[in-house]
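Right, I'll just put the structure down here and ask away after.
The values are calculated or read from the model by the stated rules, or taken from the named source; none is laboratory data. This is a predicted model, so every value here is computed, not measured. We place every Cβ from the backbone using ideal geometry, glycine too, and count neighbours over all the protein chains shown.
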Amino acid sequence: MPIIVDIDVVLARRKMSVGALAERVGITPANLAVLKNGRAKAVRFTTLEALCEVLECQPGDLLRWVPGDGPADADSDDGPAGARRPVPHTPN
């Protein structure tokens, strides 16, 4: 996955536990673990904002992009069964 989540690094620098962060942010420890371990497919801006507020950091301190190791095929279907992908617009 080319997006790396560095919440554990910031937590270690702040000497804060995952449980304490989850409580202060207002999410479950399980959901924070999914995000922290890089298994999340998305993160809400409100959650990212709360993380940054509690950890006193910038979004770039929590997320970084590393080239490679990600899905190269943009046509792969990660959505629910039967979900349609938007068709790109091509000018005439």
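The rows are residues; the columns are (1) farther than 23 Å from Trp65 by Cβ; (2) modelled with pLDDT of 95 or more; (3) of a type in the set (Val, Ile, Thr).
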| position | (1), (2), (3) |
| --- | --- |
| Val5 | no, yes, yes |
| Val10 | no, yes, yes |
| Lys15 | yes, yes, no |
| Arg24 | yes, yes, no |
| Thr46 | no, yes, yes |
| Glu53 | no, yes, no |
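Give the range 1-60 a look and list any residue that's charged (D, E, K, R) and either assigned to a helix (DSSP H, G or I) or surrounded by 16 or more Cβ atoms within 10 Å (Cβ to Cβ) (or both), or say none.
Asp6, Asp8, Arg13, Arg14, Glu23, Arg24, Lys36, Glu49, Glu53
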